[in-house]
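Undergrad: Quick one: structure below, then a few questions.
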Amino acid sequence: MGSALLEITNLDKRFETAKDTVQALRGIDLQVREGEFVTVIGPSGCGKSTLLRIIAGLDTDYSGTVRLGGAEIKGPGIDKGFVFQEHRLFPWLTVEKNIASDLSLRDKEVRRKVDELIELVKLKGFEKAYPRELSGGMAQRVSIARALLRNPKILLLDEPFGALDAFTRAHMQDALLEIWRTNKTTMILVTHDIDEAVFLANRVVILKPRPGEIRAVVNVDLPYPRKKATSSFQELRLNVLNQFEKVEELALTDGAGI
Amino acid sequence: MSQRTAAAAGRQPGKGSLAALAAILPVAALLLWEALGHYGMISELLFPTPSTIARAFVSLAQSGDLWIHLRISSVRALSGYALGGGLGLLLGLLVGLFPRTEKLLDPSIQMIRMIPSLAVVPLFILWFGIGEQSKVLIIAKSAFFPLYIQTFLGIRNVDNKLFEVAKVLGFSRFKQIFRLVLPAALPHVVLGARLSFGLSWLGLVVAELIASSSGIGYMMSDARQFADTPVVFVGIFLFAALGLLTDSLLRLLEWRLLRWKDSYKG
């Protein structure tokens, strides 16, 4: 793991609504090293998706600085891969064309990389299938492959497995870790699933809501592949859960929950 | 792969029986009609029996008149469709893609849309005479609006979520239009093309019935003058058959272009 790839300093984000302003994020400081896997966890409304969208360049209305590879983020681009909660594949394109998207499969280099990625996300035999013919897990794997094709410096995943059933989700977590270890792509994954956060990450960032602030950062020093049933895993999980519960209590006592 | 073709094949066998299902009503109506005419229960002058109509068709076809009229009508309908539909598609694209063009053009276009085609016929005849020009323009006016509106609508209905995907994938403006907006709008455009074609036929009949010296519509109004009812019916059936044929062709095109769509099939 190298130097800091992503540097977020004193990030503030407000949403202006008709009635008042909502402070979505306040004083966020976070550094992510190259090759690191960071998960961001917090109750709904804590601004975790907002944070991810700011890193992606989809939201540029904030104060503070966000730098990727030393350069300020100006807008969305291929250096920041993004996987949305829904697969958001182009319904009129086949799997392989979705992965290539605006690039031509007739380009030998693109063709080779698409084939490689199809192999990586284990979708061989489905190259010519349309999104409507895929299961939720398969579609999400296509969208991960699509994000990886452009060799992003960082891959941002916004609750990518939120809509999947428990079995498929566990499967996808293994698949994602394998991709991470093969490609060594830096990843930030947003989730509300504590098990998922601990299972995947080098570091778990816990956000608290209203305003969205970093409550704690927990290092997960367990070797991969991890087993959810081991006592060391459970210990870390409890640690994160404790922090998380404090956050939830805060949210409830503030009366801002609902 | 094999699974999917197997599933597709599973739906195929119903096709023939479905066609038979669709034929039940028209065939029954024709038989009843023939029988009623045969036993003199309806006026042979106003309701010539299907067999009389068929004989009129055969004699028209043998004399060659039918093909001349048919060719003239088809050329008119197609050129009007190409002109009006093409313009509708083009302006729909421009107005859909560029909000400024929308502000500039759409209010005027909507105003013109409200004028019934029949109402502009006298004007077109005054301006362009009763030659081909006025007919093609009447057809073009009819064909313009469905394609224009559907193209415009299709573009404006593109899912904003897919636009975000295009942004994070770094699509250029050009690719945003050709790889995202146009394919996403295609279902609407194809529907517009079908509706436009239907209205082209309508425009053709209007143009030919009112002022013409050739074409299927003229053949019908000429026959009416001589109370030659079977020929009028031949014209009606021809319009129905041609309309059905062209619509099937367009539906085939639709099926080819929109195979990716996941929609309710009944």
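Undergrad: Given points 7 Å out from each Cα along the Cα-Cβ axis, report the B:Ser248 to A:Glu72 separation in nanometres with one decimal.
TA: Here the modelled spin labels are 6.5 nm apart.
Undergrad: Compute the semi-axes of the equivalent ellipsoid of the range B:177-226, taking the square root of 5 times each eigenvalue of the Cα gyration tensor, and list them largest first in whole Å.
TA: Equivalent ellipsoid semi-axes, largest first: 39, 8, 6 Å.
Undergrad: Thinking of chain A as a set of Cα atoms, what percent of all their pairs are more than 29 Å apart?
TA: When all Cα pairs of chain A are counted, 32 percent exceed 29 Å.
Undergrad: Using +1 on the beta carbon of Lys and Arg, -1 on that of Asp and Glu, and nothing else charged, what's the dipole of the range A:75-203 about the Cα centre, debye to 20?
TA: 520
Undergrad: Take A:Arg215, B:Arg71, A:Arg111 and order them by how many other Cβ atoms sit within 10 Å, fewest up front.
TA: Least to most surrounded, the residues fall as B:Arg71, A:Arg111, A:Arg215.
Undergrad: Rg and Dmax of the range A:81-151, using alpha carbons, in Å: what are they?
TA: Computed over the Cα atoms of the range A:81-151, radius of gyration and Dmax are 10.7, 31 Å.
Undergrad: At 0.890 mPa s and 25 °C, plugging the Kirkwood radius over alpha-carbon pairs of chain B into Stokes-Einstein gives what diffusion coefficient in µm²/s?
TA: Approximately 113 µm²/s, per Stokes-Einstein.
Undergrad: For the range B:17-74, which chymotrypsin sites (Phe, Trp or Tyr not before Pro) are in a loop by DSSP, counting at most 11 other Cβ atoms within 10 Å?
TA: Here the sparse-neighbourhood loop sites are B:Tyr39.
Undergrad: Here's a follow-up. Charges on Cβ only, +1 for Lys and Arg, -1 for Asp and Glu, centred on the Cα centroid of the range A:146-238; of A:Asn183, A:Met172, A:Ser231, which one is farthest towards the dipole's positive end?
TA: About the Cα centre, the residue reaching furthest to the positive side is A:Asn183.
Undergrad: If we count other beta carbons within 10 Å of each Cβ, what is the order of B:Thr246, A:Thr17, fewest first?
TA: By the 10 Å Cβ count, ascending: A:Thr17, B:Thr246.
Undergrad: Please order B:His69, A:His171 by the number of other Cβ within 10 Å, starting at the fewest.
TA: Ascending number of Cβ neighbours within 10 Å: A:His171, B:His69.
Undergrad: Can you pull the mean other chain C-beta count within 10 Å for peptide A:87-96?
TA: Partner Cβ neighbours, averaged per residue: 4.
Undergrad: Then there is this: Magnitude of the Cβ-charge dipole of the range B:57-257, K/R +1 and D/E -1, about the Cα centre, nearest 20 debye?
TA: With only Lys, Arg, Asp and Glu charged at Cβ, the dipole is about 860 debye.
Undergrad: To the nearest 10 degrees, how steep is helix A:231-253 against the longest Cα principal axis of chain A, on a 0 to 90 scale?
TA: Helix A:231-253 sits roughly 60 degrees off the main axis of chain A.
Undergrad: Over the Cα atoms of the protein assembly as shown, compute the convex hull volume and normalise it per residue, giving Å³.
TA: 226
Undergrad: Follow-up. Positive end of the dipole of the range B:57-257, charges at C-beta (+1 Lys, Arg; -1 Asp, Glu), about the Cα centre: which of B:Leu87, B:His69, B:Leu204 has its Cα farthest in that direction?
TA: Value: B:Leu87.
Undergrad: Against the longest principal axis of chain B, how steep is helix B:182-210, in degrees 0 to 90 to the nearest 10, with axes from Cα atoms?
TA: 30
Undergrad: Taking amide hydrogens as modeled 1.01 Å from N in the peptide plane, which residues meet the under 5 Å criterion relative to A:Leu5, leaving out close sequence neighbours?
TA: Residues meeting the criterion, in which the H sits 1.01 Å from N, are A:Val32, A:Arg33, A:Glu34.
Undergrad: So if we plug the beta-carbon distance of B:Leu104 and B:Arg224 into 1/(1 + (r/R0)^6) with R0 = 35 Å, what FRET efficiency do we get, rounded to 0.05?
TA: Approximately 0.15, to the nearest 0.05.
Undergrad: Under a Cβ-only charge scheme (Lys and Arg +1, Asp and Glu -1), can you give me the dipole magnitude of the range A:81-151 about the Cα centre, in debye to the nearest 20?
TA: 60
Values in this text are rule-based calculations from the coordinates and carry no lab data. As the structure is a computational prediction, the values presented were derived from the model and not from experiment. Every residue, glycine as well, gets a Cβ built from its backbone with ideal geometry; the counts of neighbours run over all protein chains shown.
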